Amino acid sequence: MVYLTDSKKNETLDAILHQPVRTRLVAFLAGRGEATFKELKELLQVTDGNLDAHIRKLLAVKYIVSRKELIDRRNQTFYQLTDVGRRKFQEYVKSLQHLFSMENQ
Amino acid sequence: MKDQKVGVDSQLDSIQSMLIQGHKGIRLERHTLPLWGLCIGFLTAFTYDLSRPVYTLGYAWGKSFEIGIVLFILLVAVLLEYRLTRKARARRDETISIIQRKVTVVIWMLFAFAFVIDLYANMYLGGGRNLFGVYLVLSGIVLVMLGLYSEPWYRWSGVVLVLSGLSVMFLLQPSNTTRLLTASIFMVGGIGVTILQPLAINRLRCMSLSIAWLAVALTTAVLMYNIDYALDINPGEQSNMSWPEYQKNKPEGVHIVTLAEGSEIPVRISVKGDVFEDTVNTSMLLKTSKKIDLEFRDGKPTGIYRINGGQWLERNDGLYMREHIHKTITDKVQGPELVRSIDLGTEKRLGGLLD
(Lines give C-alpha, C1' and ligand atoms only; values in the text may rest on other atoms or scores of the structure.)
Protein backbone atom coordinates (compact mmCIF):
# COMPACT_ATOMS: atom_id res chain seq x y z
CA MET A 1 0.00 0.00 0.00
CA VAL A 2 1.09 3.57 -0.66
CA TYR A 3 0.55 5.97 2.18
CA LEU A 4 0.01 9.62 1.38
CA THR A 5 -0.01 12.00 4.25
CA ASP A 6 -1.05 15.58 4.69
CA SER A 7 -1.47 17.75 7.75
CA LYS A 8 -5.09 16.75 8.36
CA LYS A 9 -5.41 13.05 7.63
CA ASN A 10 -3.77 9.80 6.50
CA GLU A 11 -5.16 8.51 3.28
CA THR A 12 -4.57 4.97 1.96
CA LEU A 13 -4.52 4.25 -1.75
CA ASP A 14 -4.55 0.78 -3.22
CA ALA A 15 -1.12 0.22 -4.82
CA ILE A 16 -2.51 -2.22 -7.37
CA LEU A 17 -5.05 0.31 -8.63
CA HIS A 18 -2.88 3.39 -8.15
CA GLN A 19 -1.09 2.87 -11.45
CA PRO A 20 -2.35 4.75 -14.56
CA VAL A 21 -2.73 1.76 -16.93
CA ARG A 22 -4.39 -0.47 -14.32
CA THR A 23 -6.69 2.37 -13.16
CA ARG A 24 -7.89 2.94 -16.71
CA LEU A 25 -8.22 -0.78 -17.38
CA VAL A 26 -10.36 -1.37 -14.28
CA ALA A 27 -12.44 1.79 -14.91
CA PHE A 28 -13.16 0.63 -18.47
CA LEU A 29 -14.20 -2.83 -17.27
CA ALA A 30 -16.45 -1.20 -14.64
CA GLY A 31 -18.31 0.64 -17.39
CA ARG A 32 -18.20 -1.97 -20.13
CA GLY A 33 -18.74 -5.20 -18.20
CA GLU A 34 -16.16 -7.30 -20.02
CA ALA A 35 -13.53 -6.87 -22.69
CA THR A 36 -11.10 -8.92 -24.75
CA PHE A 37 -7.31 -8.54 -24.71
CA LYS A 38 -7.41 -6.86 -28.12
CA GLU A 39 -10.02 -4.31 -27.05
CA LEU A 40 -8.00 -3.42 -23.94
CA LYS A 41 -4.78 -3.16 -25.93
CA GLU A 42 -6.32 -0.81 -28.51
CA LEU A 43 -7.96 1.31 -25.83
CA LEU A 44 -4.97 1.63 -23.51
CA GLN A 45 -2.39 1.91 -26.32
CA VAL A 46 0.12 -0.42 -24.68
CA THR A 47 2.20 -3.33 -25.93
CA ASP A 48 1.11 -6.95 -25.54
CA GLY A 49 3.80 -7.60 -22.91
CA ASN A 50 2.94 -4.51 -20.91
CA LEU A 51 -0.78 -5.25 -20.90
CA ASP A 52 -0.16 -8.89 -20.06
CA ALA A 53 1.91 -7.87 -17.03
CA HIS A 54 -0.84 -5.57 -15.74
CA ILE A 55 -3.51 -8.19 -16.32
CA ARG A 56 -1.45 -10.79 -14.40
CA LYS A 57 -1.20 -8.44 -11.44
CA LEU A 58 -4.95 -7.84 -11.39
CA LEU A 59 -5.66 -11.57 -11.79
CA ALA A 60 -3.28 -12.42 -8.95
CA VAL A 61 -5.17 -10.26 -6.45
CA LYS A 62 -8.51 -11.49 -7.91
CA TYR A 63 -9.65 -8.00 -8.93
CA ILE A 64 -10.46 -9.40 -12.36
CA VAL A 65 -11.20 -12.87 -13.71
CA SER A 66 -10.78 -14.30 -17.17
CA ARG A 67 -12.99 -16.74 -18.99
CA LYS A 68 -12.37 -18.53 -22.23
CA GLU A 69 -15.02 -19.21 -24.85
CA LEU A 70 -14.74 -21.23 -28.03
CA ILE A 71 -16.28 -19.22 -30.87
CA ASP A 72 -15.92 -20.57 -34.40
CA ARG A 73 -13.17 -23.00 -33.37
CA ARG A 74 -11.20 -20.14 -31.87
CA ASN A 75 -10.53 -19.58 -28.19
CA GLN A 76 -11.39 -16.09 -27.06
CA THR A 77 -10.47 -14.72 -23.63
CA PHE A 78 -12.71 -12.24 -21.85
CA TYR A 79 -11.78 -10.24 -18.76
CA GLN A 80 -14.24 -8.87 -16.25
CA LEU A 81 -14.22 -7.29 -12.81
CA THR A 82 -14.88 -9.46 -9.76
CA ASP A 83 -17.00 -8.26 -6.83
CA VAL A 84 -13.77 -7.70 -4.90
CA GLY A 85 -12.32 -5.70 -7.78
CA ARG A 86 -15.45 -3.57 -8.05
CA ARG A 87 -15.49 -2.88 -4.31
CA LYS A 88 -11.76 -2.03 -4.27
CA PHE A 89 -12.24 0.25 -7.27
CA GLN A 90 -15.11 2.09 -5.55
CA GLU A 91 -12.95 2.49 -2.42
CA TYR A 92 -10.08 3.74 -4.52
CA VAL A 93 -12.27 6.36 -6.25
CA LYS A 94 -13.62 7.49 -2.85
CA SER A 95 -10.08 7.85 -1.54
CA LEU A 96 -9.09 9.90 -4.58
CA GLN A 97 -12.14 12.12 -4.18
CA HIS A 98 -11.33 12.57 -0.51
CA LEU A 99 -7.75 13.52 -1.30
CA PHE A 100 -8.95 15.88 -3.98
CA SER A 101 -11.35 17.67 -1.60
CA MET A 102 -8.63 17.96 1.04
CA GLU A 103 -6.25 19.47 -1.50
CA ASN A 104 -8.86 22.07 -2.43
CA GLN A 105 -9.62 23.13 1.13
CA MET B 1 2.01 17.83 -2.31
CA LYS B 2 1.58 19.63 -5.62
CA ASP B 3 2.72 16.46 -7.49
CA GLN B 4 0.25 14.37 -5.53
CA LYS B 5 -2.57 16.75 -6.45
CA VAL B 6 -1.75 16.46 -10.15
CA GLY B 7 -1.72 12.67 -9.78
CA VAL B 8 -5.13 12.64 -8.12
CA ASP B 9 -6.60 14.97 -10.76
CA SER B 10 -5.29 12.96 -13.68
CA GLN B 11 -6.37 9.67 -12.11
CA LEU B 12 -9.91 10.98 -11.57
CA ASP B 13 -9.99 12.33 -15.14
CA SER B 14 -8.82 9.05 -16.66
CA ILE B 15 -11.34 7.11 -14.54
CA GLN B 16 -14.16 9.33 -15.77
CA SER B 17 -13.00 9.05 -19.37
CA MET B 18 -12.73 5.24 -19.19
CA LEU B 19 -16.17 4.89 -17.57
CA ILE B 20 -17.65 6.97 -20.40
CA GLN B 21 -15.79 4.84 -22.98
CA GLY B 22 -17.14 1.72 -21.35
CA HIS B 23 -20.71 2.98 -21.44
CA LYS B 24 -20.55 4.21 -25.04
CA GLY B 25 -20.29 0.83 -26.60
CA ILE B 26 -23.49 0.14 -28.50
CA ARG B 27 -22.59 -1.05 -31.92
CA LEU B 28 -25.12 -2.31 -34.43
CA GLU B 29 -23.74 -4.99 -36.72
CA ARG B 30 -24.32 -4.59 -40.44
CA HIS B 31 -26.76 -7.49 -40.54
CA THR B 32 -28.94 -6.33 -37.63
CA LEU B 33 -31.24 -3.72 -39.17
CA PRO B 34 -31.69 -5.49 -42.55
CA LEU B 35 -32.48 -8.74 -40.73
CA TRP B 36 -35.09 -7.20 -38.44
CA GLY B 37 -36.46 -4.88 -41.12
CA LEU B 38 -37.04 -7.78 -43.52
CA CYS B 39 -38.37 -10.05 -40.78
CA ILE B 40 -40.92 -7.58 -39.38
CA GLY B 41 -41.76 -6.32 -42.88
CA PHE B 42 -42.45 -9.89 -44.02
CA LEU B 43 -44.62 -10.57 -40.97
CA THR B 44 -46.55 -7.35 -41.51
CA ALA B 45 -47.12 -8.00 -45.20
CA PHE B 46 -47.85 -11.72 -45.26
CA THR B 47 -48.99 -13.04 -41.87
CA TYR B 48 -52.64 -12.41 -42.59
CA ASP B 49 -52.42 -13.81 -46.13
CA LEU B 50 -50.69 -16.96 -44.86
CA SER B 51 -53.20 -17.57 -42.08
CA ARG B 52 -56.34 -16.62 -44.04
CA PRO B 53 -57.07 -20.21 -45.20
CA VAL B 54 -56.80 -21.44 -41.58
CA TYR B 55 -59.33 -18.82 -40.43
CA THR B 56 -61.96 -20.71 -42.42
CA LEU B 57 -61.68 -23.47 -39.78
CA GLY B 58 -62.61 -20.99 -37.07
CA TYR B 59 -61.33 -17.83 -35.42
CA ALA B 60 -59.40 -19.64 -32.68
CA TRP B 61 -57.61 -21.83 -35.25
CA GLY B 62 -56.75 -18.86 -37.42
CA LYS B 63 -55.48 -16.75 -34.55
CA SER B 64 -53.42 -19.62 -33.10
CA PHE B 65 -51.86 -20.26 -36.51
CA GLU B 66 -51.11 -16.55 -36.92
CA ILE B 67 -49.44 -16.35 -33.49
CA GLY B 68 -47.52 -19.54 -34.31
CA ILE B 69 -46.15 -18.05 -37.55
CA VAL B 70 -45.14 -14.81 -35.81
CA LEU B 71 -43.39 -16.59 -32.93
CA PHE B 72 -41.64 -19.06 -35.24
CA ILE B 73 -40.26 -16.36 -37.56
CA LEU B 74 -39.23 -14.19 -34.61
CA LEU B 75 -37.46 -17.16 -33.01
CA VAL B 76 -35.55 -17.86 -36.24
CA ALA B 77 -34.60 -14.17 -36.47
CA VAL B 78 -33.43 -14.08 -32.84
CA LEU B 79 -31.23 -17.17 -33.31
CA LEU B 80 -29.83 -15.79 -36.55
CA GLU B 81 -29.13 -12.40 -34.99
CA TYR B 82 -27.43 -14.02 -31.97
CA ARG B 83 -25.25 -16.27 -34.10
CA LEU B 84 -24.25 -13.62 -36.66
CA THR B 85 -23.49 -11.04 -33.95
CA ARG B 86 -21.35 -13.49 -31.98
CA LYS B 87 -19.47 -14.40 -35.16
CA ALA B 88 -18.88 -10.77 -36.12
CA ARG B 89 -17.69 -9.86 -32.63
CA ALA B 90 -15.39 -12.89 -32.48
CA ARG B 91 -13.93 -12.01 -35.86
CA ARG B 92 -13.05 -8.53 -34.58
CA ASP B 93 -12.14 -9.91 -31.15
CA GLU B 94 -14.71 -7.65 -29.49
CA THR B 95 -17.19 -8.06 -26.68
CA ILE B 96 -20.76 -6.84 -26.28
CA SER B 97 -21.01 -4.08 -23.70
CA ILE B 98 -23.23 -4.26 -20.63
CA ILE B 99 -25.22 -1.27 -21.86
CA GLN B 100 -25.97 -3.04 -25.15
CA ARG B 101 -27.14 -6.15 -23.30
CA LYS B 102 -29.37 -4.07 -21.02
CA VAL B 103 -30.81 -1.99 -23.86
CA THR B 104 -31.54 -5.21 -25.77
CA VAL B 105 -33.52 -6.52 -22.78
CA VAL B 106 -35.51 -3.25 -22.63
CA ILE B 107 -36.22 -3.47 -26.39
CA TRP B 108 -37.55 -7.01 -26.05
CA MET B 109 -39.70 -6.00 -23.08
CA LEU B 110 -41.17 -3.12 -25.13
CA PHE B 111 -42.00 -5.36 -28.09
CA ALA B 112 -43.34 -8.18 -25.92
CA PHE B 113 -45.68 -5.68 -24.29
CA ALA B 114 -46.76 -4.34 -27.70
CA PHE B 115 -47.37 -7.90 -28.93
CA VAL B 116 -49.56 -8.74 -25.94
CA ILE B 117 -51.54 -5.51 -26.40
CA ASP B 118 -51.77 -6.31 -30.12
CA LEU B 119 -53.30 -9.72 -29.39
CA TYR B 120 -55.68 -8.29 -26.80
CA ALA B 121 -56.71 -5.38 -29.01
CA ASN B 122 -57.32 -7.55 -32.06
CA MET B 123 -59.30 -10.15 -30.17
CA TYR B 124 -61.46 -7.94 -27.99
CA LEU B 125 -61.32 -4.34 -29.12
CA GLY B 126 -60.61 -4.33 -32.85
CA GLY B 127 -58.78 -1.43 -34.48
CA GLY B 128 -55.80 -3.59 -35.36
CA ARG B 129 -54.95 -1.20 -38.18
CA ASN B 130 -53.64 1.35 -35.67
CA LEU B 131 -51.15 -1.19 -34.35
CA PHE B 132 -49.12 -0.95 -37.56
CA GLY B 133 -48.43 2.66 -36.61
CA VAL B 134 -47.72 1.68 -33.02
CA TYR B 135 -45.06 -0.82 -34.15
CA LEU B 136 -43.44 1.82 -36.36
CA VAL B 137 -43.38 4.35 -33.52
CA LEU B 138 -41.96 1.74 -31.12
CA SER B 139 -39.25 0.79 -33.60
CA GLY B 140 -38.44 4.47 -34.04
CA ILE B 141 -38.08 4.93 -30.28
CA VAL B 142 -35.77 1.90 -30.18
CA LEU B 143 -33.58 3.38 -32.95
CA VAL B 144 -33.45 6.75 -31.14
CA MET B 145 -32.45 4.91 -27.96
CA LEU B 146 -29.70 2.97 -29.78
CA GLY B 147 -28.57 6.20 -31.42
CA LEU B 148 -28.07 7.81 -28.02
CA TYR B 149 -25.35 5.27 -27.25
CA SER B 150 -23.86 4.98 -30.73
CA GLU B 151 -24.28 7.19 -33.78
CA PRO B 152 -26.53 10.23 -34.44
CA TRP B 153 -27.61 8.68 -37.78
CA TYR B 154 -29.70 6.09 -35.95
CA ARG B 155 -31.38 8.88 -33.99
CA TRP B 156 -32.39 10.57 -37.25
CA SER B 157 -33.73 7.36 -38.72
CA GLY B 158 -35.58 6.71 -35.47
CA VAL B 159 -37.26 10.10 -35.65
CA VAL B 160 -38.30 9.36 -39.28
CA LEU B 161 -39.79 6.05 -38.15
CA VAL B 162 -41.70 7.73 -35.30
CA LEU B 163 -43.12 10.35 -37.69
CA SER B 164 -44.02 7.64 -40.23
CA GLY B 165 -45.80 5.67 -37.53
CA LEU B 166 -47.79 8.70 -36.41
CA SER B 167 -48.68 9.50 -40.03
CA VAL B 168 -49.79 5.91 -40.64
CA MET B 169 -52.04 6.17 -37.58
CA PHE B 170 -53.54 9.55 -38.36
CA LEU B 171 -53.88 9.29 -42.15
CA LEU B 172 -56.60 6.66 -41.62
CA GLN B 173 -55.73 4.73 -44.75
CA PRO B 174 -57.57 1.46 -45.37
CA SER B 175 -56.21 -1.59 -43.60
CA ASN B 176 -54.58 -3.11 -46.68
CA THR B 177 -52.83 0.13 -47.61
CA THR B 178 -51.59 0.65 -44.04
CA ARG B 179 -50.30 -2.92 -43.90
CA LEU B 180 -48.28 -2.64 -47.12
CA LEU B 181 -47.01 0.84 -46.27
CA THR B 182 -45.78 -0.36 -42.87
CA ALA B 183 -44.18 -3.48 -44.36
CA SER B 184 -42.40 -1.38 -46.96
CA ILE B 185 -41.10 1.13 -44.40
CA PHE B 186 -39.72 -1.71 -42.28
CA MET B 187 -38.05 -3.53 -45.18
CA VAL B 188 -36.62 -0.51 -47.01
CA GLY B 189 -35.77 1.23 -43.72
CA GLY B 190 -33.86 -1.79 -42.39
CA ILE B 191 -31.72 -2.07 -45.51
CA GLY B 192 -31.56 1.66 -46.31
CA VAL B 193 -30.42 2.82 -42.88
CA THR B 194 -27.54 0.32 -42.95
CA ILE B 195 -26.46 1.06 -46.53
CA LEU B 196 -26.61 4.84 -46.11
CA GLN B 197 -24.86 4.89 -42.72
CA PRO B 198 -21.33 5.60 -44.07
CA LEU B 199 -22.68 8.65 -45.97
CA ALA B 200 -24.40 10.19 -42.95
CA ILE B 201 -21.50 12.29 -41.76
CA ASN B 202 -23.28 15.48 -40.75
CA ARG B 203 -26.71 16.79 -39.81
CA LEU B 204 -27.66 17.92 -43.32
CA ARG B 205 -26.65 14.57 -44.83
CA CYS B 206 -28.57 12.72 -42.08
CA MET B 207 -31.70 14.75 -42.85
CA SER B 208 -31.56 14.34 -46.64
CA LEU B 209 -30.66 10.64 -46.48
CA SER B 210 -33.54 9.97 -44.08
CA ILE B 211 -35.95 11.60 -46.52
CA ALA B 212 -34.36 9.60 -49.37
CA TRP B 213 -34.95 6.18 -47.80
CA LEU B 214 -38.46 7.15 -46.77
CA ALA B 215 -39.20 8.16 -50.39
CA VAL B 216 -37.91 4.78 -51.60
CA ALA B 217 -40.11 3.08 -48.98
CA LEU B 218 -43.21 4.93 -50.23
CA THR B 219 -42.41 4.02 -53.85
CA THR B 220 -41.95 0.38 -52.86
CA ALA B 221 -45.29 0.49 -51.04
CA VAL B 222 -47.00 1.69 -54.24
CA LEU B 223 -45.39 -1.17 -56.19
CA MET B 224 -46.34 -3.73 -53.54
CA TYR B 225 -49.90 -2.41 -53.51
CA ASN B 226 -50.21 -2.71 -57.28
CA ILE B 227 -48.77 -6.25 -57.29
CA ASP B 228 -51.03 -7.24 -54.38
CA TYR B 229 -54.01 -5.67 -56.14
CA ALA B 230 -53.21 -7.42 -59.41
CA LEU B 231 -52.89 -10.80 -57.67
CA ASP B 232 -55.76 -10.62 -55.21
CA ILE B 233 -58.36 -8.10 -56.33
CA ASN B 234 -58.69 -8.31 -60.04
CA PRO B 235 -61.98 -9.80 -61.14
CA GLY B 236 -61.16 -9.07 -64.79
CA GLU B 237 -63.84 -9.12 -67.43
CA GLN B 238 -66.65 -11.24 -66.03
CA SER B 239 -70.24 -11.39 -67.16
CA ASN B 240 -72.09 -8.52 -65.64
CA MET B 241 -75.70 -8.95 -64.54
CA SER B 242 -78.22 -7.25 -62.33
CA TRP B 243 -79.17 -8.59 -58.92
CA PRO B 244 -82.71 -9.77 -59.93
CA GLU B 245 -81.23 -11.54 -62.98
CA TYR B 246 -78.55 -13.24 -60.86
CA GLN B 247 -81.10 -14.25 -58.20
CA LYS B 248 -83.34 -15.75 -60.84
CA ASN B 249 -80.68 -17.82 -62.69
CA LYS B 250 -78.17 -18.46 -59.86
CA PRO B 251 -75.37 -19.32 -62.31
CA GLU B 252 -72.23 -21.22 -61.28
CA GLY B 253 -68.76 -19.62 -61.44
CA VAL B 254 -67.60 -16.06 -60.99
CA HIS B 255 -69.92 -13.20 -61.92
CA ILE B 256 -70.17 -9.50 -61.32
CA VAL B 257 -73.54 -8.49 -59.93
CA THR B 258 -74.60 -4.88 -60.18
CA LEU B 259 -76.79 -3.24 -57.59
CA ALA B 260 -78.19 -0.18 -59.32
CA GLU B 261 -78.49 3.12 -57.51
CA GLY B 262 -81.62 3.04 -55.39
CA SER B 263 -81.60 -0.75 -54.91
CA GLU B 264 -83.12 -1.87 -51.66
CA ILE B 265 -81.01 -4.13 -49.47
CA PRO B 266 -82.63 -5.85 -46.50
CA VAL B 267 -80.40 -5.59 -43.42
CA ARG B 268 -81.04 -7.81 -40.41
CA ILE B 269 -79.96 -6.34 -37.11
CA SER B 270 -79.17 -8.63 -34.24
CA VAL B 271 -78.49 -7.12 -30.83
CA LYS B 272 -77.07 -9.33 -28.11
CA GLY B 273 -75.75 -8.65 -24.66
CA ASP B 274 -76.13 -9.47 -21.01
CA VAL B 275 -78.56 -6.59 -20.46
CA PHE B 276 -81.18 -8.10 -22.78
CA GLU B 277 -83.13 -11.27 -22.09
CA ASP B 278 -83.51 -12.32 -25.71
CA THR B 279 -81.70 -11.69 -28.92
CA VAL B 280 -83.49 -8.94 -30.75
CA ASN B 281 -83.80 -9.47 -34.47
CA THR B 282 -85.18 -6.77 -36.62
CA SER B 283 -85.05 -6.10 -40.34
CA MET B 284 -84.91 -2.89 -42.26
CA LEU B 285 -84.45 -1.88 -45.86
CA LEU B 286 -81.44 0.25 -46.81
CA LYS B 287 -81.42 2.01 -50.16
CA THR B 288 -78.13 2.33 -52.03
CA SER B 289 -77.19 5.84 -53.07
CA LYS B 290 -74.54 4.66 -55.55
CA LYS B 291 -74.12 1.86 -58.06
CA ILE B 292 -72.33 -1.10 -56.45
CA ASP B 293 -70.68 -3.98 -58.32
CA LEU B 294 -70.12 -7.16 -56.31
CA GLU B 295 -68.14 -10.24 -57.25
CA PHE B 296 -70.00 -13.52 -56.68
CA ARG B 297 -68.54 -17.01 -56.82
CA ASP B 298 -70.97 -19.92 -57.00
CA GLY B 299 -73.76 -17.89 -55.48
CA LYS B 300 -71.74 -16.34 -52.66
CA PRO B 301 -70.16 -12.87 -52.47
CA THR B 302 -66.34 -13.01 -52.41
CA GLY B 303 -66.00 -9.67 -50.61
CA ILE B 304 -64.63 -7.88 -53.68
CA TYR B 305 -66.59 -4.81 -54.73
CA ARG B 306 -66.44 -1.42 -56.37
CA ILE B 307 -68.50 1.73 -56.08
CA ASN B 308 -69.69 3.69 -59.14
CA GLY B 309 -67.32 1.79 -61.46
CA GLY B 310 -64.26 2.86 -59.45
CA GLN B 311 -61.36 0.71 -58.31
CA TRP B 312 -62.00 -2.84 -57.14
CA LEU B 313 -61.58 -3.21 -53.39
CA GLU B 314 -61.58 -5.94 -50.76
CA ARG B 315 -64.24 -6.17 -48.05
CA ASN B 316 -61.88 -4.98 -45.30
CA ASP B 317 -60.28 -2.40 -47.53
CA GLY B 318 -62.15 0.84 -47.69
CA LEU B 319 -65.33 0.03 -45.79
CA TYR B 320 -65.81 1.70 -42.47
CA MET B 321 -68.41 1.75 -39.76
CA ARG B 322 -68.39 4.59 -37.31
CA GLU B 323 -70.64 5.26 -34.37
CA HIS B 324 -71.52 8.94 -34.21
CA ILE B 325 -74.07 9.54 -31.51
CA HIS B 326 -74.61 7.60 -28.38
CA LYS B 327 -77.15 8.97 -25.96
CA THR B 328 -80.05 7.97 -23.79
CA ILE B 329 -83.36 9.79 -24.10
CA THR B 330 -85.82 9.62 -21.25
CA ASP B 331 -89.32 10.08 -22.53
CA LYS B 332 -92.17 10.60 -20.05
CA VAL B 333 -94.51 8.39 -22.03
CA GLN B 334 -92.21 5.77 -23.59
CA GLY B 335 -89.51 5.63 -20.91
CA PRO B 336 -85.74 5.42 -21.58
CA GLU B 337 -84.61 5.02 -25.16
CA LEU B 338 -81.07 4.27 -26.40
CA VAL B 339 -80.09 6.17 -29.54
CA ARG B 340 -77.14 5.16 -31.70
CA SER B 341 -76.25 6.50 -35.09
CA ILE B 342 -73.95 4.43 -37.28
CA ASP B 343 -72.20 5.57 -40.44
CA LEU B 344 -71.49 2.79 -42.90
CA GLY B 345 -69.71 3.69 -46.07
CA THR B 346 -66.56 3.74 -48.14
CA GLU B 347 -63.64 5.50 -46.64
CA LYS B 348 -62.04 8.47 -48.31
CA ARG B 349 -58.69 7.23 -49.54
CA LEU B 350 -56.63 10.15 -48.37
CA GLY B 351 -54.57 11.71 -51.08
CA GLY B 352 -55.01 8.62 -53.27
CA LEU B 353 -51.55 7.70 -51.99
CA LEU B 354 -51.41 4.17 -53.35
CA ASP B 355 -53.91 4.42 -56.22
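The values are calculated or read from the model by the stated rules, or taken from the named source; none is laboratory data. Owing to the predicted nature of the structure, the values given are computational and were not obtained by experimental measurement. Here Cβ is always computed from backbone atoms with ideal geometry, including for glycine, and neighbour counts include all displayed protein chains. These area figures cover heavy atoms from the full protein model, side chains too; ligands, DNA and RNA do not enter into them. Shrake-Rupley method; radii C 1.70, N 1.55, O 1.52, S 1.80 Å.
Compared with the alpha-carbon gap, the fully stretched path from B:V222 to B:R101 is longer by 39.8 nm at 0.36 nm per residue. For the residues B:F170, A:F89, a 1.4 Å probe over the protein chains yields an accessible-area ranking, largest first, of B:F170, A:F89. Ligands, DNA and RNA aside, B:F111 has an accessible area near 40 Å² when probed at 1.4 Å. Are any of the pairs A:K41/B:K87; A:K62/B:K87; B:K63/B:K250; B:K63/B:K290; B:K250/B:K272 more than 24 Å apart by Cα-Cα distance, and if so, which? Among A:K41/B:K87; A:K62/B:K87; B:K63/B:K250; B:K63/B:K290; B:K250/B:K272, the Cα-Cα distance tops 24 Å for A:K62/B:K87; B:K63/B:K250; B:K63/B:K290; B:K250/B:K272.
Take peptide B:87-93, look around each residue's Cβ out to 10 angstrom, count Cβ atoms belonging to other protein chains, and average those counts. Mind showing how you got there, number by number?
Values: counts 2, 0, 3, 7, 3, 3, 11.
Neighbouring Cβ atoms belonging to other protein chains average 4 per residue here.
Interface of B with A. Using a 1.4 Å probe and counting protein heavy atoms only, the two chains hide about 2800 Å² of accessible surface, both sides summed. Model label sites at B:Q21 and B:Q247, defined 7 Å from Cα along the beta-carbon direction, differ in position by 8.3 nm.
Taking 0.36 nm per residue of sequence separation and removing the Cα-Cα distance, the B:S10/B:R205 pair yields an extension gain of 66.4 nm. Between B:L166 and B:N240, the modelled label-to-label distance comes to 4.5 nm, taking each label 7 Å out from Cα in the direction of the beta carbon. Relative to the longest principal axis of the Cα atoms of chain A, the long axis of helix A:83-103 lies at roughly 30 degrees.
Averaged over peptide A:18-26, the number of partner chain Cβ atoms lying within 10 Å of each residue's Cβ comes to 3. Computed from the C-beta positions of B:L79 and B:K287 and an R0 of 56 Å, the FRET efficiency is 0.45 to the nearest 0.05. Among B:R92, A:R87, A:R67, the order of accessible area from largest down is A:R87, A:R67, B:R92, computed with a 1.4 Å probe on protein heavy atoms. Given +1 at the Cβ of Lys and Arg, -1 at the Cβ of Asp and Glu and no other charges, the dipole of chain A around its Cα centre is 260 debye to the nearest 20.
Each of B:R86, A:R74 has its accessible area taken with a 1.4 Å probe; listed largest first, they run A:R74, B:R86. Nearest 10 degrees is fine. How inclined is helix A:48-60 to the longest principal axis of chain A, computing both from alpha carbons? Helix A:48-60 and the main axis of chain A meet at about 70 degrees. Split the accessible area of region B:1-95 by element, probe 1.4 Å, and carbon with sulfur accounts for 67%. Spacing of the modelled spin labels on A:D52 and B:I195, each 7 Å from Cα toward Cβ, amounts to 4.6 nm. The magnitude of the dipole of region B:11-232, with charges of +1 and -1 set on the Cβ of Lys/Arg and Asp/Glu and taken from the Cα centre, is near 520 debye.
Look at where the Cα atoms of region B:163-231 and of region A:9-60 average out, and the two centres are 47 Å apart.
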